[in-house]
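Engineer: Got a structure for you, questions after.
The values are calculated or read from the model by the stated rules, or taken from the named source; none is laboratory data. Note that the structure is a prediction, hence the values are computed from the model and not measured. Don't worry about glycine lacking a Cβ; one is built from the backbone with ideal geometry, like all the others, and counts go over all protein chains shown. Surface areas here come from the heavy atoms of the whole protein model, side chains and all, with no ligands, DNA or RNA. Shrake-Rupley method; radii C 1.70, N 1.55, O 1.52, S 1.80 Å.
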2 protein chains.
Amino acid sequence: VGSYVKAALTSEQTGLFPELRVLQVISAGVDSWMTFLPAGATLCNGRGVHGASTAELAVTLLLSQVRAIPRYVTQQAEQVWRPGERDGIADKQVLILGAGDIGGRVAACLGTLGARVTVMGRTARAGVAGFDDLSAVLPQQDAVVLALPLTEATRSLVGAEFLAAMKDLAILVNVGRGPTVVTEALLPELHSGRIRAALDVVDPEPLPADHPLWRSPNLLLTPHVGGGANGWDQRGYRLVREQIERFVADEPLQNVVVDRGANA
Amino acid sequence: VGSYVKAALTSEQTGLFPELRVLQVISAGVDSWMTFLPAGATLCNGRGVHGASTAELAVTLLLSQVRAIPRYVTQQAEQVWRPGERDGIADKQVLILGAGDIGGRVAACLGTLGARVTVMGRTARAGVAGFDDLSAVLPQQDAVVLALPLTEATRSLVGAEFLAAMKDLAILVNVGRGPTVVTEALLPELHSGRIRAALDVVDPEPLPADHPLWRSPNLLLTPHVGGGANGWDQRGYRLVREQIERFVADEPLQNVVVDRGANA
């Protein structure tokens with residue numbers, strides 16, 4: 001991962017490629033590349049390269065809370081064989097906030113397990129509810145998965161009011177960005193046991209020693225390990241190879257963000 | 001679950017229903033019902049009622065080991081924020097032994113996460129490899145999920161030879177029956193760290209106090225909580241309702257084990 005170029009090229013560097021037809025990046029975000037994109041070049045992002053790893057963790061965290069894995073890990077350490085109350089995700093209502101690559105993958109996976117999934121994004125479209133419906137939909141959900149970028153609209157979205165609207169014993173999962181959840185509002189809900197959570201991202205991050213979240217009950221905490229699972233680089237190279245093959249074969253490119261008709 | 005009738009009806013009881021056209025049970029196994037099935041009655045099983053819960057746990061156990069959830073539960077208790085080596089199930093080879101309802105559900109779910117899944121059953125058919133291919137396929141697998149009934153063919157199937165054929169660092173998941181795995185053969189592989197495991201069923205069961213499995217490294221252990229997650233009874237009633245609706249509408253019944261043409 002150390003060789004992963006996070007900064008965009010400068011205009012001086014992109015100027016070295018006046019014939020550039022396609023710029024393929026392997027990150028999901030492309031904001032920093034937009035400014036320097038040569039006129040006439042199509043820009044493609046790395047949608048799918050990192051999303052798979054993060055979506056997989058979201059599913060893992062949700063299922064771990066539903067199936068009480070943290071409790072059984074503790075019982076195993078105490079050498080206690082005690083089957084507890086059994087719950088499952090089948091037939092449960094799950095709201096996924098964020099209709100991008102991650103949200104779509106989580107929905108597809110949970111759907112195979114019989115969960116009743118609602119995917120919600122900024123703008124309603126086929127298969128995606130709009131945020132306008134949030135207050136109507138939220139109180140029915142057994143679980144809410146946050147797969148949102150951090151924007152002015154999503155910062156502190158999950159505060160006291162949001163949490164109060166959630167069903168008793170509902171599970172909150174966050175694999176997006178920590179500041180989407182107001183930590184101070186979540187803490188009392190976890191301590192009362194009204195809400196359970198599984199968080200891969202928190203605010204502040206990394207979580208300082210002696211922060212109250214460490215000792216919070218009803219919480220599964222992982223240290224921001226959603227993205228970058230082994231193999232993301234191979235997935236990135238595979239995407240690049242497939243895109244080159246499409247380009248050569250005059251087939252439509254995938255993951256097009258800025259379309260300048262590279263294949264036209 | 002207390003009201004769940006495990007024993008089949010006697011011939012005296014079934015004799016009370018001479019006009020019986022369809023016998024719908026909500027268990028997966030139907031062996032004990034076969035003897036007393038009135039001539040002319042179609043027998044349907046409860047395929048799908050319990051399998052969803054067990055398949056869900058198999059996915060949960062595999063993903064928990066892949067994403068190191070037990071390690072992070074321990075770190076959380078110790079208030080340590082330390083992202084470790086990240087692995088994922090995408091692009092991994094997963095062998096599912098058992099091509100029934102559970103195996104099929106696990107395959108469908110892991111497929112959405114990008115795993116390369118092989119389902120293996122007693123007899124090869126479309127989408128299912130036969131056990132004859134086991135020795136050829138096993139050494140390539142990053143994970144093996146056991147979703148097998150206990151029969152003479154499956155008892156002690158996973159012994160020293162099977163384990164030795166598994167890839168280094170491969171993960172063994174068992175949600176079928178404990179005696180399919182030879183515990184004494186698994187223990188040294190777990191202690192050396194060559195194999196990791198996640199077991200919902202073990203041999204002996206329940207695991208006695210001070211059994212060496214309790215203190216084994218590289219093991220996630222749950223106390224036989226695969227089946228019977230909350231909601232199985234609702235799923236059973238829903239199956240019965242749907243079957244009645246099919247029968248009334250002269251549509252083909254599902255889950256037919258003995259077909260006497262109830263809808264013919």
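Engineer: Give me the distance in nm between label points sitting 7 Å out from Cα along the Cα-to-Cβ direction at B:Leu134 and A:Asp168, one decimal.
Structural biologist: So the two model labels end up 4.9 nm from each other.
Engineer: Here's a follow-up. Amide H to amide H, which residues 5 or more places from B:Leu220 or on other chains are under 5 Å from it, using H placed in the peptide plane?
Structural biologist: Excluding prolines and chain starts, which carry no amide H, the hits are B:Ala197, B:Ala198, B:Leu199.
Engineer: While we're here: Under 11 Å from the 7 Å Cα→Cβ point of A:Thr35, by amide nitrogen: which residues of region A:139-174?
Structural biologist: Hits in region A:139-174 for A:Thr35 at 11 Å: none.
Engineer: Give me the residues in region B:223-249 whose solvent-accessible area, probe 1.4 Å, is reduced by at least 50 Å² once all protein chains are included instead of the chain isolated.
Structural biologist: Buried by 50 Å² or more upon assembly, which counts only protein chains, are B:Pro223, B:Val225, B:Asn230.
Engineer: Right, next: Would you count, across the protein assembly as shown, every pair of lysines whose alpha carbons are under 30 angstrom apart, provided the pair is eight or more residues apart or spans two chains?
Structural biologist: Lysine pairs meeting both conditions in the protein assembly as shown amount to 5.
Engineer: Give me the percent of accessible area attributable to carbon and sulfur for the protein assembly as shown, probe 1.4 angstrom.
Structural biologist: The value for the protein assembly as shown is 54 percent carbon and sulfur by accessible area.
Engineer: Something else now. Over the Cα atoms of region B:142-264, what Rg and Dmax result, in angstrom?
Structural biologist: Computed over the Cα atoms of region B:142-264, radius of gyration and Dmax are 19.9, 60 Å.
Engineer: Using each residue's phi in region A:74-84, evaluate 6.51 cos²θ - 1.76 cosθ + 1.60 at θ = phi - 60° and report the 3J(HN,Hα) Karplus result to the nearest Hz, with x for Gly and Pro.
Structural biologist: 5, 4, 4, 5, 8, 6, 10, 9, 9, x, x
Engineer: Please identify every one of the chymotrypsin sites (Phe, Trp or Tyr not before Pro) in region A:58-163 that sits in a loop by DSSP and has no more than 13 other beta carbons within 10 Å of its own beta carbon.
Structural biologist: Passing sites in region A:58-163 do not exist.
Engineer: Something else about it: Provide the percentage of antiparallel DSSP beta bridges, counting only those with both residues in the protein assembly as shown; round to the nearest 5.
Structural biologist: Approximately 10 percent, going by the DSSP bridge assignments.
Engineer: Label 7 Å along Cα→Cβ of B:Val240; region B:91-117 residues with amide nitrogen under 17 Å?
Structural biologist: Hits in region B:91-117 for B:Val240 at 17 Å: none.
Engineer: Right, here's the next one. With every protein chain left in place, what is the accessible area of B:Arg116 in Å² (1.4 Å probe, nearest 10)?
Structural biologist: 120 Å²
Engineer: Rounded, prolate or oblate for chain B? Axes are the square roots of the Cα gyration tensor eigenvalues, ordered a ≥ b ≥ c, and the cut-off for rounded is a/c under 1.5. Walk me through the numbers before you get to the answer.
Structural biologist: Details: a/c = 2.05, a/b = 1.96, b/c = 1.05.
Prolate, since a/c reaches 1.5 and a/b exceeds b/c.
Engineer: From the Cα gyration tensor of region A:98-199, with a ≥ b ≥ c the square roots of its eigenvalues, which class applies: rounded if a/c is under 1.5, or else prolate if a/b is larger than b/c, or else oblate?
Structural biologist: It comes out prolate by the Cα gyration axes.
Engineer: Give me the base-10 log of I(q)/I(0) for region B:214-264 at each q in 0.16, 0.29 Å⁻¹, Debye formula, one uniform scatterer per Cα, rounded to two decimals.
Structural biologist: Debye curve over Cα of region B:214-264, log10 I(q)/I(0) at q = 0.16, 0.29 Å⁻¹: -0.64, -1.09.
Engineer: Would you grab the residues whose amide H sits under 5 Å from the one on B:Arg116? Only those 5+ places off in sequence or on another chain, please, with H modelled 1.01 Å from N.
Structural biologist: B:Asp91, B:Lys92, B:Gln93, B:Val94
Engineer: Taking a probe of 1.4 Å, how large is the accessible area per residue of the protein assembly as shown, in Å²?
Structural biologist: For the protein assembly as shown, the per-residue accessible area is 46 Å².
Engineer: While we're looking at this one, here's another question. Amide H of A:Val182: which non-local residues (sequence gap of 5 or more, or other chain) have their own amide H closer than 5 Å, using H built in the peptide plane?
Structural biologist: For A:Val182, the qualifying residues are A:Val158, A:Gly159.
Engineer: What percent antiparallel are the DSSP beta bridges of chain B, to the nearest 5?
Structural biologist: Among the beta bridges of chain B, antiparallel pairing accounts for roughly 10 percent.
Engineer: Taking accessible area as the heavy-atom solvent-accessible surface of the protein chains with a 1.4 Å probe, which residues of region A:66-81 lose no less than 30 Å² upon going from the isolated chain to the full protein assembly?
Structural biologist: A:Arg67, A:Ile69, A:Tyr72, A:Val73, A:Gln76, A:Gln79, A:Trp81
Engineer: Could you give the angle, 0 to 90 degrees to the nearest 10, between helix A:51-66's Cα long axis and the longest principal axis of the Cα atoms of chain A?
Structural biologist: Tilt relative to chain A: about 10 degrees.
Engineer: Provide the buried accessible surface between chains A and B in square angstrom, both chains summed, 1.4 Å probe, rounded to the nearest 100.
Structural biologist: For chain A against chain B, roughly 5100 Å² becomes buried.
Engineer: Okay, moving on. At 222 nm, what value in deg cm²/dmol follows for chain A if DSSP H runs of at least 4 each add -39500 (n - 2.57) and the sum is divided by all its residues, to the nearest 500?
Structural biologist: When only DSSP H runs of four or more count, the value is -9000 deg cm²/dmol.
Engineer: I'd like to know how the protein assembly as shown sits against the 2.2 N^0.38 Å rule of thumb: what's its Cα Rg over that expected value?
Structural biologist: On the way: Rg = 25.4 Å, N = 528, 2.2 N^0.38 = 23.8 Å.
Taking N as the residue count of the protein assembly as shown, the ratio is 1.07.
Engineer: So if each residue of separation counts as 0.36 nm, and I subtract the Cα-Cα distance between A:Arg215 and A:Leu187, what length gain in nm does that give?
Structural biologist: 9.1 nm
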